[in-house]
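Accompanying notes for the structure given below.
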Amino acid sequence: MLRLPLELTLHVSAPLPLSPAGRARLVAWCLYDWAYGPFSTIVTTFVFATYFVQAVAPDPIRGTAAWGAAQATAGVIIALVAAPLGAIADHGGRRQSMLRIATLILAGCIGGLWFIRPHPGSMLPALLLVGSATVASEVALALYNAMLPEIAPLGRIGRVSGIAWGLGYLGGISGLLISLFVLVQPATPPFGLDRASAEPVRATTLVAAAWLLVFAAPLLLMRERAIHRLPWAQAARRGLAGLAALVHAAAREPVLVRFLVARMVYGDGLITLFAFGAIFAAGTFGMTPQQVLLLGIGLNVTGGIGALGFAMLEDRLGPRSVILTSLACLIGLGAAVLIVRSPTLFWIVAVPLGLFVGPAQSASRSLMAQLAPADRRASFFGLYALSGRITGFVGPASLAAVTAATGSQRAGMCVVLVLLGAGAWLLTGVQIASPALRTRTST
C-alpha cells in the first residue's frame, strides 16, 4: 500500500468545522466546476464537435478522423507539459496565479471558435483552437484539482469532489439549455444571427466562454494564501529539477503506480467517449443538432444525479469501489448502445450512461487527492493529468484508425469498451486501507 508518514495518516470520524473564509473558498472552488461545464458539453461533446463533423468537415468519416487526430495531438502535448507546470506551481507558490492564466487562455480559445465558418477551409483553425483549448483545460484542471485537499473539510474529500462534479453537470445542462432554446431552436434566430452561416450554433461557443469567465471569477480573483514565493525563473529551475525526483519517488509507491496506470487506461476510454459520443449519435443515427443538444441535456441530467448521489456515499464506500461500479455499468450500457439499431432504443440505453460517468471521474479525483503528499499536490496532479493524457492519443487515434479502415463508427466506438474494461481490471489490484485515509491539510 502507499506508505505515508505516520503523522500524515489518520482516520476521520467527523469533519472539522470550516471558518467563514473556508466556506467562501469552498463555494468558490465548487463554482469552478460549474463554470467549466459548458466547455465540456458545448465545445468538446455535443455542439461544436457535431457542427465540425457535419458542417465544417467534408464528410462525417473524415471529420471524425480529423477530430481524433487533433485530440491525439493535444494528448501528447498535455503529457509533456502538465507535470512540469505542476512542479513549477508547487515550487513557485503560484498555483492560483497559474490557474488564472490557463483559464484565460482556455476562454480565449473557446471564444475564437465563433469565427469557424461551415466550410472545409475552416477545418485547420478549428482543430488548432480546440486542441489548444484542450491543453489549457487539462493544465487548469491539474492546478484546480490540487486545491481539493486544502478546500475540503477533513473526511469529506469525496463528498466535496462529488458535489462539485455534480455542479459541473448542472452548469453543462444550463449552457445547453441556453444554446438550444435561445440560440439554436428558434425559427428566427436572436440578435440578427444568420442561420445560413451557422451563426446560432457558432454563438454557443461565446456562451461557453462567457460562462467560464463569469463563474470562475470568484476562485480566480480570490487572494492566494500567504506562502513563500520564488521568482518565476527560479521556480521553473527548481520545479523542473525536482520533476525527475518526483517521478522516481512516485515509482516507489506500488499503489500509486497501479492507480495511475489504471486511470490512464480507463481515462483514455472516457476521453474517447466524450470526444466522439455526440459524433457517433449524429453520424450513426442521423441526429440533428437540436436532437444532439437534447441528448446532451439528458446525459447531463443523469450525470448530475449520479455525481451527487455517489457523493453522499463515496466517503463511506471508498473511491475505488465507486470507480469499479461505475466502470462496470458503463461497459454494460456502452455495449448496448453499440448493439441497438433503433433511435428510440438508443435513447433508452444512452441516457443512463450519465449516471456513472461523473462518479468515475469524481472518485478518481478524490482518490488521487488522498494519495498525493500535501507539499507536492500540483506536481502529483500533474502526474495525474499526465496519466490521463500520456496515452490519451491512443483512444482517439485507435478510434479514428478503426473508423477509417472499416467505414463504421460502431466498429470505432468498440475501442471505448476495450479501454474501460482493461482499466477496471487494473484497478482491481489497487488496495486502499481505508476510505477515510488522507493527508492532513489545513482548512
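Values quoted throughout were computed directly from the atomic coordinates according to the rules given, and no laboratory measurement underlies them. Everything quoted here is computed from the prediction, not taken from an experiment. Neighbour counts run over all protein chains shown; Cβ positions are idealised from the backbone, glycine included.
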Quiz item: What would the Debye formula give as log10 I(q)/I(0) at q = 0.10, 0.12 Å⁻¹ for the alpha-carbon point model of region 34-191, no solvent?
Solution: -0.43, -0.61
Self-check item: Shape category assigned to region 26-106 from the gyration tensor of Cα positions, a/c cut at 1.5
Solution: oblate
Quiz item: By average Cβ neighbour count within 10 Å, what is the ranking of 252-259, 194-201, 278-285, 211-218 from highest down?
Solution: 278-285, 211-218, 252-259, 194-201
Exercise. Treat each spin label as a single point 7 Å out from the Cα along the C-beta direction, and report the residue 206 to residue 422 distance in nm.
Key: 4.4 nm
Quiz item: Cα gyration tensor of region 297-348, axes a ≥ b ≥ c as square roots of the eigenvalues: rounded (a/c below 1.5), prolate (a/b > b/c) or oblate?
Solution: oblate
Exercise. Take peptides 102-109, 286-293, 360-367 and line them up by average Cβ neighbours within 10 Å, highest first, as a rough protection proxy.
Key: 360-367, 102-109, 286-293
Quiz item: Relative to the present Cα-Cα distance, how much length would full extension add between residue 339 and residue 410 at 0.36 nm per residue of separation?
Solution: 24.7 nm
Practice problem: Calculate the spin-label point distance for residue 115 paired with residue 222, positioning each point 7 Å from the Cα along the beta-carbon direction, and give it in nanometres. | Solution: 3.5 nm
Exercise. Would you kindly state how much longer the chain becomes between residue 312 and residue 124 on full extension, computed as 0.36 nm times their sequence separation minus their alpha carbon distance, in nm to one decimal?
Key: 63.3 nm
